[in-house]
1. Between ALA92 and GLU113, how high is the FRET efficiency from 1/(1 + (r/R0)^6) when r is the Cβ-Cβ distance and R₀ = 35 Å? Nearest 0.05.
2. How much length is gained on full extension from THR99 to SER2, taking 0.36 nm per residue of separation minus their Cα-Cα distance?
3. Enumerate the calculated ³J(HN,Hα) couplings along the range 103-109 in order (Karplus 6.51 cos²θ - 1.76 cosθ + 1.60, θ = phi - 60°), each rounded to whole Hz, writing x wherever the residue is Gly or Pro.
4. With θ set to phi - 60°, apply the Karplus curve 6.51 cos²θ - 1.76 cosθ + 1.60 along the range 43-48 and write out the HN-Hα couplings as whole Hz, x wherever there is a Gly or Pro.
5. If you place +1 on the Cβ of every Lys and Arg and -1 on the Cβ of every Asp and Glu, how big does the dipole about the Cα centre of the range 4-108 come out, in debye to the nearest 20?
6. Rounded to whole Hz and in sequence order, give me ³J(HN,Hα) for the range 23-32 from the Karplus expression 6.51 cos²θ - 1.76 cosθ + 1.60, θ = phi - 60°, writing x for Gly and Pro.
7. Which three semi-axes in whole Å describe the equivalent ellipsoid of the range 1-105, each the square root of 5 times a Cα gyration tensor eigenvalue, listed largest first?
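No lab work stands behind these numbers, since they all come straight from the coordinates. This one's a predicted model, so the numbers in the text were calculated from it and none came from an experiment. Methodologically, a virtual Cβ is constructed for each residue, glycine included, from the backbone with ideal geometry; neighbour enumeration extends over all protein chains shown.
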Amino acid sequence: MSSYPQTWRSLRDEEYRHLYSSDIGTGLAFQIRMLREKNGWTQEQLAQLTNKKQETISQWEDPNYGSYTLNSLKSLAEAFDVALLVEFVSYAELVRRNTTRTPQRLAPLSFTEEDRFHNAAGNVRSAVTFDLSYPPMIDLATTIARQPPLPIGDTSPPSVRPLRPNYVVHAQQSTRGR
């Protein structure tokens, strides 16, 4: 894996930059395989969950394939019980993500696994989770800004006060709870 500065220098070449940003299939293929193996599934079992043939799963796990559709990705996300995020990002963000990949980020927790954590934590709406493999971790200013003001005379530190009850804060994003 190249370092951030090396990769950034290479991106100054326009042809390299376009090739670098178009190599989406390799990462997806590895993610699909890692998630499948994490769940202990064969390609046939994943095929049944996605209403596809085993041969299709084999294609999706081939780093040279690269012809995924949004519908196939949504089907995989549903089978793995994870969220699908498709977005346009800056090159700096793309390089940062590519140079800080970890097995944990390639095979994220399913909702069920995350829910167990939140239930163990007690109050889902005041849980704060940190992905320690994610270098910037969390924008603390956002977290602090979303905390309710201290009542007069309350001297408890901010770290032990609950967040406003309609927010769930994650390391990579903050979203309004339902």
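1. Numbers: r = 31 Å, r/R0 = 0.87.
Computed FRET efficiency for ALA92 and GLU113 comes out at 0.70.
2. Numbers: separation 97, 0.36 × 97 = 34.92 nm, distance 0.67 nm.
That works out to 34.2 nm of additional length.
3. Per-residue couplings from phi come out as x, 5, 7, 6, 10, x, 5 Hz.
4. Computed from phi, the couplings for the range 43-48 are 4, 4, 5, 5, 4, 5 Hz.
5. On the way: 13 positive and 13 negative charges, 59 e Å.
Rounded to the nearest 20 debye, it is 280 debye.
6. Computed from phi, the couplings for the range 23-32 are 7, 8, x, 4, x, 5, 4, 5, 4, 4 Hz.
7. Values: eigenvalues 162, 38, 29 Å².
Working from the Cα gyration tensor, I get semi-axes of 28, 14, 12 Å.
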